[in-house]
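So the structure is just underneath, and the comments pick up after that.
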Number of protein chains: 4
Amino acid sequence: MNNTYGQLFRITTAGESHGKGLGVIIDGVPAGIKIDYDFIQNELTRRKPGQSKITTQRKEADEVQILSGVFIDEKTGTDKTTGTPIQMVIFNQDQKSKDYSHIAEKFRPSHADYTYHVKYDGYRDYRGGGRSSARETAARVAAGAIAKLALNQLNIDIKAYVSQAGSIKLDKPYTELDLSKIEDNIIRCPEPEIAEEMITMIDQTRKNRDTIGGVVSCVITGCPAGLGEPAFDKLHAELGKAMLSINAVKGFEYGSGFDGVAMYGSEHNDEFYTDENGNVRTKTNHSGGIQGGISNGQDIYFKTAFKPVATIMSDQESIDINGDKVVVAGKGRHDPCVVSRAVPIVEAMAAIVILDFYLRNKAVTL
Amino acid sequence: MNNTYGQLFRITTAGESHGKGLGVIIDGVPAGIKIDYDFIQNELTRRKPGQSKITTQRKEADEVQILSGVFIDEKTGTDKTTGTPIQMVIFNQDQKSKDYSHIAEKFRPSHADYTYHVKYDGYRDYRGGGRSSARETAARVAAGAIAKLALNQLNIDIKAYVSQAGSIKLDKPYTELDLSKIEDNIIRCPEPEIAEEMITMIDQTRKNRDTIGGVVSCVITGCPAGLGEPAFDKLHAELGKAMLSINAVKGFEYGSGFDGVAMYGSEHNDEFYTDENGNVRTKTNHSGGIQGGISNGQDIYFKTAFKPVATIMSDQESIDINGDKVVVAGKGRHDPCVVSRAVPIVEAMAAIVILDFYLRNKAVTL
Amino acid sequence: MNNTYGQLFRITTAGESHGKGLGVIIDGVPAGIKIDYDFIQNELTRRKPGQSKITTQRKEADEVQILSGVFIDEKTGTDKTTGTPIQMVIFNQDQKSKDYSHIAEKFRPSHADYTYHVKYDGYRDYRGGGRSSARETAARVAAGAIAKLALNQLNIDIKAYVSQAGSIKLDKPYTELDLSKIEDNIIRCPEPEIAEEMITMIDQTRKNRDTIGGVVSCVITGCPAGLGEPAFDKLHAELGKAMLSINAVKGFEYGSGFDGVAMYGSEHNDEFYTDENGNVRTKTNHSGGIQGGISNGQDIYFKTAFKPVATIMSDQESIDINGDKVVVAGKGRHDPCVVSRAVPIVEAMAAIVILDFYLRNKAVTL
Amino acid sequence: MNNTYGQLFRITTAGESHGKGLGVIIDGVPAGIKIDYDFIQNELTRRKPGQSKITTQRKEADEVQILSGVFIDEKTGTDKTTGTPIQMVIFNQDQKSKDYSHIAEKFRPSHADYTYHVKYDGYRDYRGGGRSSARETAARVAAGAIAKLALNQLNIDIKAYVSQAGSIKLDKPYTELDLSKIEDNIIRCPEPEIAEEMITMIDQTRKNRDTIGGVVSCVITGCPAGLGEPAFDKLHAELGKAMLSINAVKGFEYGSGFDGVAMYGSEHNDEFYTDENGNVRTKTNHSGGIQGGISNGQDIYFKTAFKPVATIMSDQESIDINGDKVVVAGKGRHDPCVVSRAVPIVEAMAAIVILDFYLRNKAVTL
């Protein structure tokens, strides 16, 4: 529903790139989740601009305030959720300083300027793309941090990493990677050599005043069997929607994905067995941990494709609101590639989806 | 919401593979849509089993009845929608005849038997996969036919076709294809030579008692600018969810998709211009007709990846509901490849998404 | 959402008074509910027309079929719900026989003919009021029967009765009534003398070719504390919406209701105590079992006011679709008072609300 | 959905009585609504505590900030809505100063302390009732002000007034009142003599350290025919839910309401006629402007009953979280009667409902 996502754990975001601030209200937060303020702020810091040479050099602290929904648990002396909605606000710092009048009436290529202009009858905050700016995802990361704190209590873990930048691919399956190394480099790729290649390439792209795309892979471990709904709200369908709703995303696949198309059923099917601990397992996991739209207890993994950032430093042809030809000048400070900053966003949206389905699954029996 | 899809044009489906019947209630149908009963039945016929040698040989007529929501318009003598919900029912014909007791307690590999068993605490109609059967999509196709009748009145057209079967790809962009030829062959691929190759390969796969995957491409023309919502309900995010909710789907991409990842922004950006008729156009269409989640008036196009059918004719190892090792025998009549029958399903879901967003967009101004 | 009610236990109804049939799809049915077909049919029989001299003399069997969502539980040999949606259909029997052409273009006073005509741009099934007919409530009663079967397993009981017909009131509080006697008479009032008075008055009203209103009271026992949501979805707010959504309802009050207005806080407040079994109780129950929108474990009780039936047997002035003055003739077979047939409808809607909140409440903690 | 209300114009509130602040995100705001900041603040001022001798003497400025969703319209030099969500925040001023430790573990009679305690597993902000405080309605009034600004542009007007306080009733129908006088006195009753009586009675009740209930009546003029949905979302059902969701509300009736029960159909039916301007009118309006759940273009009117405030200045018996008997002392500054402050809340919720249905009705035809 427009700016709301989720059925039971449900986030509603608001805010524009250069307005007074961003915010989110999270409804359906289970009571009793321990709040770790440092963790929440750190998630925002992983997403914030200016964090490395391969991201935009704009500086924003992205400090988050929690206005409601938590209260001290006197037994433990820590703040916990109370089951009432959590409102979080991130005030924008320098919203007055920027001058965006040069694009007020121009439609930047492959941005949302034109589509917002048509949809909203010309009423539009054009500064930095307004609501269409990826700045909106700061609110998602804040909400996702709450979801992650809940999932931690359930021993469900979510880790995303960059598996492709431009045409540089990390081709190994996630099972052969050391995911504890993701945060060791600025591109968030767990293989140091590939990471280095990616960083060099992105840096060169930036120097060329251009931008490039990439892929973020994500792995969810510890997810119990049974999450997801039979028909429309299949677990992977919601994960797909959640990822496709992130700015600049062009594709989503899970398990064997597009490559599974060329496989035979006899190769692709995941045979069940019972392991030494009596747990149901599958010998392979082309299903990506989801069968019939419902988690089967194996690892869930998926990929999300990001296009090159639309803002480039070269001049481009376009039109203005009157349909007249104009030149859009390349200027400002922008990301040459979004994937390193997209990693926490992918994780946040995945956490929101999984927690929502976890709660929904509680109502399946009396 | 589980078995309901859509916000304003909203379908709710019910029914199992071998129960008494399938059904759908469509709410939010605009009043005044002219009902063409032959068109609706024909859409179901495009999806039904037994239609060609490359589909399952099961025979089901899939005759649909409309129980409500339409009434004769005495001015024109034709039935039209009245704005009240349309209930459609497709009774199953031979639901008693099948014997499924051999799988009652076994989990077929890469089917939903296990996940349903866990989720629903062991209460499960195992016959033909029950609710997890792709038979559920008959109800979607019936609902999609109503959506298509509405979109026809708006001159919005949706056409899907098979662009890959196994590793045989139709590599041309849709703009170089003659989409009027899709229905000319049983695989629903508009290039006759490629179609022939695909058919031969699928037929051979069937003879090998195996199955194979494929890709369905879809093109939407005539869609006005402005459809889609800013944050979570981006047009492509809902299209993605709708496609990923179809049985056996593993991936979704739109516009440049996964290939767009390796492009530079300077190549990928779609520059705007005003054409000779004063219409806003883009020189290229890597955006796939959607910018910032909102349609821009250009053609919308996307691809959906289908895995190989899980039911194969060879024996497979698995476990039963007690966790004990069993063999699942290959038997019955099943599709060697689903993509030819998936074409009308993809179109139906796309039609439902587009009509829903069309109606939602009417509320954007007073 | 229009023709859908509920968040987790969610019903969607369809059907017109004289179309092919009525139907409902119930989504979110917990798995494992034992299906008692006789009970379900009996609930419909309590609502059906022609059941006594004080209801319409139209005869409709209202036989319900279940098409999906149940399956035999082989352990017990009984049918149980499977967690997938239940579709129920009630085919109309004599939909062709009636001639409604005399009202095709007239707006009957205090009916929905005019408002539907305006809303749906003139597309309207005018036969018997079409979708606006109280016949739609048959589908609600069918769905409510499923909810009651679930609540029975939770020991939650719902009983409604007629507490007023015209100006004849049953003034005793429910705690002084023997609710096991409700079904002992045709008006469904547990006090035999008052019941007799009501029946005589309604019968006389019918002979006068007129109609009269009434009040249905409802008591819910065994409801655990904790159901209901803090802000908008207060338990009594949803009960109120559910009751007000029934045809002909004009008012709703719970606990002390409108009479509570003239009480002082010192009289109205319900003091807590712990009873001999260690249960939390209140000394009085002006709260009607709900505090802050959440059930407190005491009995829930409320009243629903029904207006006189709009169809009367006398001629009335009105206008037609052109705005011209016409006479609407009194003819046909109609209820002189709806409350006896409304009793099972009130119970059905209450059951749906309570079960929905019961399921929602399961997601409040991890 | 818990803390969200509305389908297309949709508000989500957050915040506790003594937390950092209250907030609301409004989604689905039509683009192009002119923002009048003074009007919005004034609506909050009409609701705020400390406004007269018959309200609580607590002082809170209730200053509202708009963080998003509006932008300057350069053509007119005024701020207008942009169609993106509006986030509003009201920071609490003295949240640290209050000492509520005396009620931390006690359940105040007829408050929500006990039900929240049970529902949320003991995690609860007890200060001033936390989320259950009527302070939450400040966020509703802020959102309602936006709805009113939109309705103003459509010439739809909403006016509420106090029609009963304790047993003092204003018995005249609204058609005989001068509604421009509502704001002339502190009780917001348009008849000065009755107002005076009410004020004296409430003031005396306050001196008696007690509280009393009341009724707020509301009239909506200028509402076009066609708003409301056939089955569950009848216009009066949503108005009822919206009113019943306000703190302390015990009952709702519209049109003839509970009094309509004792009327005959021949008296109650509203005959249609066409007036001299060609408009469809009804001779009487027992329907309260709504037929079959859909507005008919006549005035809409309804009543909402409020119970006496639960906080009284006398000692009361109760129990604590261990079930042990305690005394709850009467202290603090509280309203002796809420109805004067409830007037803007009733208007706000009515405005939200009407605007939502106005937008929903746009999707009824293509």
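Nothing in this text is a laboratory measurement; each read-out follows from the coordinates by a stated rule. Only a predicted model underlies this, so the values are computations on that prediction, with no experimental measurement involved. Here the Cβ positions follow ideal geometry from the backbone for every residue, glycine too, while neighbour counts run over all protein chains shown.
Data for the structure
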item	result
FRET efficiency estimate (nearest 0.05) - Cβ-Cβ, C:N155 to C:T78, R0 22 angstrom	0.70
Residues A:D99 and A:A61, FRET efficiency given R0 of 30 Å [Cβ-Cβ distance, rounded to 0.05]	0.90
FRET E, pair B:D121, A:T221, Förster distance 35 Å, beta-carbon r, rounded to 0.05	0.90
Environment charge at B:M198 (Cβ cut-off 12 Å; Lys +1, Arg +1, Asp -1, Glu -1)	-3
At 7 Å out from Cα toward Cβ: A:Q93 inter-copy label distances (nm, ascending)	3.1, 7.0, 7.7
Karplus (6.51, -1.76, 1.60) ³J(HN,Hα), θ = phi - 60°, over the range A:114-127, in Hz, Gly and Pro reported as x	5, 5, 5, 4, 5, 4, 9, 6, x, 8, 6, 8, 7, 5
Label 7 Å beyond Cα on the Cβ vector: D:K331 copy-to-copy distances, nm	6.4, 7.6, 8.0
Computed helical MRE - 222 nm, the protein assembly as shown, DSSP H runs ≥ 4 contributing -39500 (n - 2.57), nearest 500	-7500 deg cm²/dmol
Relative exposure of C:Y100, D:Y5, judged by other C-beta atoms within 10 Å (fewest first)	C:Y100, D:Y5
Label 7 Å beyond Cα on the Cβ vector: A:L154 copy-to-copy distances, nm	2.1, 3.6, 3.9
Charge dipole (the range C:4-361, unit charges on Cβ, about Cα centre) - positive-most of C:G260, C:N208, C:G69	C:N208
Label-to-label distance, nm, for residues given as A:E196 and A:T284 (7 Å Cα→Cβ offset)	3.5 nm
Cα gyration tensor category, rounded, prolate or oblate, for the range A:294-357 with a/c compared to 1.5	prolate
In nm, spacing of pseudo-spin labels at B:S180 and D:I321 (7 Å Cα→C-beta vector)	7.6 nm
In order through the range D:266-277: 3J(HN,Hα) via Karplus (6.51 cos²θ - 1.76 cosθ + 1.60), integer Hz, x for Gly, Pro	5, 8, 7, 4, 9, 6, 7, 8, 9, 7, 4, 8
Cα gyration tensor category, rounded, prolate or oblate, for the range B:220-366 with a/c compared to 1.5	prolate
Solution diffusion estimate, µm²/s, Stokes-Einstein, the range A:86-148, Kirkwood Rh from C-alpha pairs, 10 °C, viscosity 1.306 mPa s	118 µm²/s
Dipole magnitude (debye, nearest 20) for the range D:4-361, charges at Cβ of Lys, Arg, Asp, Glu	1080 debye
³J(HN,Hα) computed for each position of the range A:209-225 - Karplus, 6.51 cos²θ - 1.76 cosθ + 1.60, integer Hz, glycine/proline x	6, 10, 9, 8, x, x, 10, 10, 9, 9, 10, 10, 10, x, 6, x, 5
Rotation relating C and D, chain D residue nearest the axis via C-beta, angstrom	D:K241, 2
